[in-house]
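Heads up, the thing below is written out as structure tokens.
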């Protein structure tokens with residue numbers, strides 16, 4: 001029976017009881033403040049951050065993995081002497097809260113804060129060393145006041161503006177739909193109506209002004225996975241090409257297009273406009289007006305997904321209008337087509353069917369001419385074209401450029417265009433300006449007022465936050481609920497004229513694009529953050545989160561950082577120095593391949609997996625955990641059965657952090673057994689008499705154990721640096737525990753060193769049991785503020801090594817020899833060994849091969 005008093009609280013513990021130990025130490029850590037940010041400015045800083053969660057109401061195993069990984073890093077860095085910032089908050093605005101209001105009759109704020117309270121208590125059970133004094137929730141007026149203030153900084157910098165843009169419109173519910181509310185058939189998730197595309201005036205941020213810097217600064221991020229940087233680069237989509245203009249017959253206007261293949265311009269046989277392009281009406285001839293208008297309306301009823309899907313035929317209609325290819329002087333028809341979007345590029349494309357797969361498909365469908373202008377080297381320009389030729393080659397049918405290599409012709413044709421006024425070289429980006437308007441309630445209101453006299457007027461700083469009204473009715477129909485309230489009516493702050501508030505709220509990506517800047521100064525009610533404090537802690541040293549956020553969240557956060565730097569608030573270029581994108585947690589999944597139905601594991605015999613209703617064989621595989629697939633594991637059940645430390649150890653041991661983790665109950669039980677072995681090792685040791693002194697000379701078993709101890713320190717430390725190989729670090733802990741269990745010198749100071757080393761190395765992984773056993777050994781300070789161990793290089797040097805004796809390449813025995821023996825000595829030891837003598841005595845040894853430190857091989861005739 002163990003009795004101890006810590007901070008005035010007496011605990012009694014006689015066996016490894018995870019629940020009791022975890023409850024005890026979580027309470028005590030809170031009392032001692034061990035989980036709060038260290039602020040000693042003499043120490044180097046380390047900012048460890050997990051991507052904050054949406055408060056859906058309960059944790060899933062993906063959450064657990066994310067936060068445990070970050071916590072191990074944070075705990076390690078504290079022990080290594082860093083002051084550590086490890087905060088947590090809630091990405092709390094968003095559509096699910098409004099859906100809950102509609103479906104359950106509970107207000108978004110109440111639903112959200114209930115979920116936050118539940119998830120906070122679950123997180124606190126995980127033994128995370130989080131500074132909860134810095135907690136933020138993006139739906140709190142204390143937070144979104146500063147989100148609004150930051151928006152106004154963008155407005156002042158000329159980086160926020162309004163323009164018309166297409167939205168998904170539900171014609172029955174008369175409301176705007178997010179992309180995720182439109183199904184694969186282009187229908188509204190709630191009403192089932194065919195979704196239309198409608199133009200609304202909306203707010204944008206000019207992220208395109210930073211496109212080049214966002215791209216080039218990826219080179220400043222060696223701590224990011226290469227695949228994430230590639231995804232960002234592809235999303236920004238820099239291309240070098242040409243802007244070319246095609247005059248409209250009978251008009252002074254021209255159709256501008258952007259192309260990366262100016263070398264194919266002599267092969268343009270038609271031009272295509274987006275149906276919603278402003279020129280569409282002007283180029284349409286009177287006889288085509290009715291059919292064009294009908295087609296435009298039809299396309300307006302399609303979602304962007306429907307229009308751009310690769311597996312759908314490209315549909316179009318001629319306008320009757322003509323353009324001139326300025327390079328050939330030929331008149332070419334002007335068409336409109338559903339696959340061209342006004343929001344992308346110039347909203348028009350030049351049709352080169354011989355050298356573009358999409359144009360080739362469209363031209364074949366519409367019987368449009370196909371003109372070859374590039375052929376393979378030694379190719380035949382008159383050969384029939386079975387598919388678009390899109391590779392480089394030799395230019396043909398292109399006037400003075402005939403015979404040039406197409407890659408050289410690109411630059412020559414652009415120079416020709418510039419000389420004759422047909423166009424110019426242009427760098428273009430796939431990246432579009434960020435549309436931040438949401439016609440919804442549960443988001444940060446955009447802080448501007450629309451005055452009939454003054455136009456757009458920013459809400460004065462002293463009037464922030466523009467708070468969301470609480471008395472709101474949610475039906476899911478009509479426009480934004482805010483537009484229906486008297487809240488919208490306000491006097492203009494500039495002239496006093498009756499005016500209207502902006503009723504759009506901001507995209508929730510806005511909230512998550514700056515939250516990491518708030519944590520260093522989370523309670524500041526005078527500023528979004530004190531630049532001195534935030535610049536002290538930033539950039540984040542280690543960011544951990546899912547690969548699904550590899551593009552938008554990270555790109556927007558980088559954009560915000562650069563804008564606020566240019567506003568004089570920050571002194572760094574990039575927000576996240578290192579990024580770890582952890583893999584998914586996958587569960588065993590049963591699926592009927594005939595019906596497509598997923599079957600709950602409880603209904604399946606794992607030894608003979610069949611559909612309980614039809615008897616058909618089931619597919620068995622691992623897939624991302626999901627309620628709909630019946631393959632999820634409830635963290636609460638795992639914690640109740642095995643305890644937090646076991647769950648943490650399994651998650652860290654099962655797979656490298658960047659790989660998917662396959663949940664196996666047997667492996668969870670394996671980690672539970674390991675922690676029980678550690679418990680028995682330490683409790684058995686604690687019951688032994690204390691070691692009085694250590695003799696100057698170590699015995700052979702003591703030397704071997706000391707080598708195992710310092711090998712573990714070295715290996716675990718290396719595994720927790722760089723790539724964070726937690727799984728191999730846990731393996732090293734197991735090796736050390738086995739060495740301690742097998743050691744015959746359990747009453748020596750070296751064994752005591754081994755026990756303490758095992759607990760210190762274990763502490764970041766399994767904080768509760770490590771703390772409990774540390775105090776059981778008589779220590780009074782927390783194990784989590786002990787200095788991280790350094791290995792002794794001399795302890796790693798073995799006195800003896802195991803030498804393998806081979807005869808003709810086959811192992812015949814082994815023996816212990818001095819580690820420093822040279823080749824001649826190794827051969828002598830091996831030759832004189834009983835194993836060698838048995839095989840070489842009286843025989844002709846033709847050759848001896850000595851591999852120092854490993855083996856001696858005798859080649860016998």
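The values are calculated or read from the model by the stated rules, or taken from the named source; none is laboratory data. The shown structure was predicted, so the numbers you read here are calculated from the model rather than taken from an experiment. No Cβ is skipped: glycine too gets one built from the backbone with ideal geometry, and neighbour counts run over all protein chains shown.
Within the range 290-299, identify whether any single residue is in contact (Cβ under 8 Å) with a residue 40 or more places away in the chain, over 25 Å from residue 388 (Cα atoms) and part of a loop (DSSP other than H, G, I, E, B), and answer yes or no. Taking every residue of the range 290-299 in turn, none turns out to be in contact (Cβ under 8 Å) with a residue 40 or more places away in the chain, over 25 Å from residue 388 (Cα atoms) and part of a loop (DSSP other than H, G, I, E, B).
The strands (runs of 3 or more DSSP E) found entirely in the range 152-219 that carry 1 or more residues being farther than 21 Å from residue 96 by Cβ are 160-170, 196-205.
Evaluate the following for residue 511: is it within 19 Å of residue 160 (Cα to Cα) and buried (at least 17 other Cβ atoms within 10 Å of the Cβ)? So residue 511 fits the description; yes. Here residue 354 fits the description: assigned by TED's automatic domain parsing to the domain that holds residue 315, modelled with pLDDT of 95 or more and in contact with a helix residue (DSSP H, G or I) (Cβ under 8 Å, 6 or more places away or on another chain). Check whether at least one residue in the range 633-640 is in a loop (DSSP other than H, G, I, E, B), exposed (fewer than 15 other Cβ atoms within 10 Å of the Cβ) and not assigned by TED's automatic domain parsing to the domain that holds residue 716, and report yes or no. Taking every residue of the range 633-640 in turn, at least one turns out to be in a loop (DSSP other than H, G, I, E, B), exposed (fewer than 15 other Cβ atoms within 10 Å of the Cβ) and not assigned by TED's automatic domain parsing to the domain that holds residue 716. Looking only at residues in the range 365-399 that are part of a helix (DSSP H, G or I) and out of contact with any strand residue (DSSP E or B) (no Cβ under 7 Å at 6 or more places or on another chain), the one that is modelled with the highest pLDDT is 399.
Quick check: anything in the range 84-95 surrounded by fewer than 20 Cβ atoms within 10 Å (Cβ to Cβ) and either at pLDDT below 95 or outside the structural domain of residue 519 (by TED's automatic domain parsing) (or both)? Yes, the conditions are met somewhere in the range 84-95. Only one of the numbered conditions (1) in the same structural domain as residue 763 (by TED's automatic domain parsing); (2) free of Cβ contacts under 8 Å to residues at least 24 places away in the same chain is violated by residue 790, and that is (2).
For the range 727-737, indicate whether the set of residues that are surrounded by fewer than 18 Cβ atoms within 10 Å (Cβ to Cβ) and modelled with pLDDT under 95 is non-empty. No, the conditions are met nowhere in the range 727-737. The set of residues in the range 220-232 that are assigned to a loop (DSSP other than H, G, I, E, B) and exposed (fewer than 15 other Cβ atoms within 10 Å of the Cβ) contains only 222.
Of the strands (runs of 3 or more DSSP E) lying entirely inside the range 401-515, those containing at least 1 residues that are within 18 Å of residue 205 (Cβ to Cβ) are 423-429, 448-451, 455-458. Taking residues in the range 457-470 that are farther than 18 Å from residue 498 by Cβ, and partners anywhere that are assigned to a loop (DSSP other than H, G, I, E, B), the pairs with Cβ atoms closer than 6 Å and at least 6 places apart or on different chains are 469/485.
Yes or no, residue by residue, for (1) at positive phi; (2) over 31 Å from the mean Cα position of the chain (by Cα); (3) surrounded by 18 or more Cβ atoms within 10 Å (Cβ to Cβ):
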site: 697; (1), (2), (3): no, yes, no
site: 705; (1), (2), (3): no, yes, yes
site: 722; (1), (2), (3): yes, no, no
site: 749; (1), (2), (3): no, yes, no
site: 754; (1), (2), (3): no, yes, yes
site: 762; (1), (2), (3): no, no, yes
site: 767; (1), (2), (3): no, no, yes
site: 781; (1), (2), (3): no, yes, no
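Within the range 140-162, not a single residue is more than 30 Å from residue 90 (Cβ to Cβ), surrounded by fewer than 21 Cβ atoms within 10 Å (Cβ to Cβ) and free of Cβ contacts under 8 Å to residues at least 12 places away in the same chain.
Within the range 806-838, if we keep just the residues that are modelled with pLDDT under 90 and crowded, with 17+ Cβ neighbours inside 10 Å, the residue that is farthest from residue 703 (Cα to Cα) turns out to be 835.
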